[in-house]
Amino acid sequence: MLASRQALAAVQRRAIASMGVRRMATVTDSPLDKKVRQNNQETGNFINYKKMSENLSIVRNRLNRPLTYAEKILYSHLDDPHGQEIERGVSYLKLRPDRVACQDATAQMAILQFMSAGMPSVANPTTVHCDHLIEAQIGGPKDLARAQDINKEVYDFLATSCAKYNIGFWRPGSGIIHQILLENYAFPGGLLIGTDSHTPNAGGLGMCAIGVGGADAVDVMANLPWELKAPKVLGVKLTGQLSGWATPKDIILKVAGILTVKGGTGSIVEYHGPGVESISCTGMATITNMGAEIGATTSLFPFNDRMYDYLAATKRSEIGDFSRVYAKELREDQGAEYDQLIEINLSELEPHINGPFTPDLATPLSKFSEAVKTNNWPEELKVGLIGSCTNSSYEDMSRAASIARDALDHGLKAKALFTVTPGSEQIRATIERDGQLETLEEFGGMVLANACGPCIGQWDRKDVPKGTANSIISSYNRNFTGRNDANPATHSFVASPDLVVAMTIGGSLHFNPLTDKLKDKDGNEFLLSPPTGAGLPNGGYDPGQDTYQAPPSKRDAVSVAVSPTSDRLQLLQPFAAWDGKDATDLPILIKCQGKTTTDHISMAGPWLKYRGHLDNISNNMLIGATNADNGEANKIRNFTTGEYDAVPATARDYKKKGIPWVVIGDWNYGEGSSREHAALEPRHLGGLAIITRSFARIHETNLKKQGMLPLTFIDPADYDKIQPFDKVDLLCTELAVGKPMTLKVHPKDGETYDIKLAHTFNEPQIQWFHNGSALNTMAKKNAA
């Protein structure tokens, strides 16, 4: 079916071309004919601005209106620019991304799925980055060595499978995926998908970079078009200029406060306006990175001289020059309209601190001390943490070091524990050469490995017992309950690296470096000076150790082994197809109350080691979700026995007895990480549907890909009517594009009643459900 549609589309394109209207380029052909490599690592992959320009010309003539920058990138990557239906917020776009990137925790499952497709090589440029499996304990080198030992089986699998299937491999210690992508692979106007929710980091270099689940990545690796519901475009106009203690991080912290964790869902956030010109490229990346916390599809900035400077500093001047040729299309058209517009005057922007427990609880610094008192948050600051994929640039580390040097010059060091996570080996080596690392260590900092570490829960924290209320502050992006240290009583706050360093000096959440004086070693009072730091290193970047493994030219002899007795890796078995019937008398496995993120559904931290073994990692399914029945986590009633047990154990018991089940969820279910394990696990353990008030975008797609039914209450108040011990019938035979489905609810005590459910399935996605998964559908078509 897919092949026939593509063949028809190709015939249509040739027919239109023969009529003389195929090419109406907006820029002259000759400059765009130049062959410019996408990066310095790959010799055969080029930036195709010419093709993008041609596609964009076709769409311009069809729509006849000014376009936003986000639209330009998406429409220039359409599989069929002539025939594609285009309506923001409605149409499903079929796109051809330039690249795929996977981090090591999600790459395992993505590659296992790709292997089952039976192809000899990925069809599109792909890289894998080892950053998630390194636990922070005692410091970078020893933590890295320990991780290489513990994770040897997984790293060997990734190294050999990457070599086998023509995938670039960044070894442990190279750095965090998003920093590596910014330094090496991002380019203005490109389209990238990555199996991590903070992939939008590359939007700081003008790229449309979108976080996806592994199944979406597999589609692109296998040369299928990638499908995305046409996003709305939310504009953020920046005026004025940052100064003093205000940083790019404060822009996104304020935006998060305005839009909340679900305010960007279904939208691309597009920054524009004169204020953009004063922000460094890496500062823009900080903003687009944390756009994931407002549910945005992605965020991006228009191409400008700050991006050109960064491309030059990272030895990609040729890309910068090429982007200048295509610059007219690397920004919004004059008169482009946004679905929503926010304006922020950077000259008036105050530093913010967001949290605890959610990244959208935004408090201006001037009001933060009072908020601490009002909410009875733990006042003593236990740990300050800087770095991560959000804030580990040369500029970030330079400004942080300037504050630390100011304190040291007054005889002060960090009062709280203090950690530093370089975002990449290149950043680590450069700040070691230029002295910032030495300053931060002298200040009291423990330098961790070039990896995600505490940001994703890879932190063997020893200073506070589990269950003890305490406060930490980081320059990270996400601060859900228990995320950093697996302690649900930890109050985690998010701020700029500047504020994190300053507050570790004060040792208290009440400390405001703009107004509060400190006492130096002689007892004299002083104010910390506003931070300073260069956006780019004057001496250029030091690449440090070479951690990249290019795929070999001859790959036939490379073998990829997965032991049948491994507890880390497991070959996948296809999920069963739908039986064609309505599902009746289904139990509600759990009715989730309140925030249910992917961390609640499939925890990270110590569970990361099982990301390549579906059955083992399913033992963490929904163990963090709050049960509406009793207000407790991981304690639900098994209706067949009447006993309370863990969520995974109950689901396994139902599966063993042949009983499918559903989950009831609250608002924005599945927000957070892109991890598809949060969809794979309920499918593996016998789930049929997840029924919620609303979904986060990536998780909804992941559920569809695995053959599950993500459904929403047409009336959100129906969530309150359903009780945890009710039984339900789900009329699966009603599944059709644009049509509601019926849920018959059989209360434990009372009359049966109907609830209407909505869904966003299109026709190809319905086939995923019918066939049991998107992967099954792909295999079925390949076999036809």
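For this structure, a couple of remarks:
- Within segment 572-590, the set of residues being of a type outside the set (Gly, Ala, Ser), in a loop (DSSP other than H, G, I, E, B) and either at pLDDT 95 or above or exposed (fewer than 13 other Cβ atoms within 10 Å of the Cβ) (or both) comprises Gln573, Phe575, Trp578, Asp579, Lys581, Asp582.
- Qualifying positions in segment 137-181 - under 24 Å from the mean Cα position of the chain (by Cα), of a type in the set (A, V, I, L, M, F, W, C) and within 29 Å of Met119 (Cβ to Cβ): Val154, Phe157, Leu158, Ala159, Cys162, Ile167, Phe169, Trp170, Ile176, Ile177, Ile180, Leu181
- Residues (open to solvent by less than 60 Å² (accessible area, probe 1.4 Å) and either without any contact (Cβ under 8 Å) to a residue 24 or more places away in the chain or farther than 21 Å from Leu228 by Cβ (or both)) located in segment 751-766: Tyr753, Ile755, Leu757
- A residue that is touching a helix residue (DSSP H, G or I) at 6+ places or on another chain (Cβ under 8 Å), under 25 Å from Asn289 (Cβ atoms) and of a type in the set (Lys, Arg) occurs nowhere in segment 403-424.
- The residue pairs whose first member lies in segment 493-507 and is on the phi > 0 side of the Ramachandran plot, whose second member is not basic (Lys, Arg), and whose beta carbons are closer than 8 Å, counting only pairs six or more residues apart or on different chains, are Gly507/Glu380; Gly507/Leu381; Gly507/Ala416.
- Selection of segment 709-726 for residues being of a type outside the set (S, T, N, Q) and crowded, with 17+ Cβ neighbours inside 10 Å yields Leu709, Pro710, Leu711, Phe713, Asp718, Tyr719, Ile722, Pro724, Asp726.
- Count of segment 591-609 residues which are open to solvent by 50 Å² or more (accessible area, probe 1.4 Å) and not aliphatic (A, V, I, L, M): 5
- Residue in segment 211-224 that is open to solvent by 10 Å² or more (accessible area, probe 1.4 Å) and over 23 Å from the mean Cα position of the chain (by Cα) present: no
- Test for Ile617: is it part of a helix (DSSP H, G or I) and either closer than 30 Å to Gly295 by Cβ or at pLDDT below 95 (or both): yes
- Any strands (runs of 3 or more DSSP E) falling wholly within segment 339-386 and containing at least 1 residues that are within 21 Å of Lys262 (Cα to Cα), modelled with pLDDT of 95 or more and open to solvent by 30 Å² or more (accessible area, probe 1.4 Å): 340-345, 362-364
- Residue match in segment 645-656 (condition: assigned to a strand (DSSP E or B), open to solvent by 70 Å² or more (accessible area, probe 1.4 Å) and at pLDDT 95 or above): yes
- Residues being under 25 Å from Leu680 (Cβ atoms) and in a helix (DSSP H, G or I) - total across segment 202-241: 8
- Filter pass, Ala362 being closer than 30 Å to Asp599 by Cα and in contact with a Ser or Thr (Cβ under 6 Å, 6 or more places away or on another chain): no
- When Pro606 is tested against (1) under 26 Å from the mean Cα position of the chain (by Cα); (2) within 20 Å of Gln706 (Cβ to Cβ); (3) not aliphatic (A, V, I, L, M), just one condition goes unmet, and that condition is (2).
- Take the conditions (1) at pLDDT 95 or above; (2) open to solvent by less than 40 Å² (accessible area, probe 1.4 Å); (3) part of a loop (DSSP other than H, G, I, E, B); Gln41 misses just one of them, which is (2).
- Between Ile73, Ile58, the distinction of being under 19 Å from Val212 (Cβ atoms), outside any loop (DSSP other than H, G, I, E, B) and open to solvent by less than 40 Å² (accessible area, probe 1.4 Å) belongs to Ile73 only.
- Complete set of residues in segment 427-470 that are open to solvent by 40 Å² or more (accessible area, probe 1.4 Å), in contact with a Pro (Cβ under 8 Å, 6 or more places away or on another chain) and farther than 19 Å from Pro606 by Cα: Arg428, Asp434, Ala469
The values are calculated or read from the model by the stated rules, or taken from the named source; none is laboratory data. Given the structure is predicted, the values throughout are model-derived calculations rather than measurements. All Cβ positions, glycine included, derive from the backbone under ideal geometry; neighbour counts span all protein chains shown. The accessibility values were calculated without ligands, DNA or RNA, using every heavy atom of the protein model including side chains. Shrake-Rupley method; radii C 1.70, N 1.55, O 1.52, S 1.80 Å.
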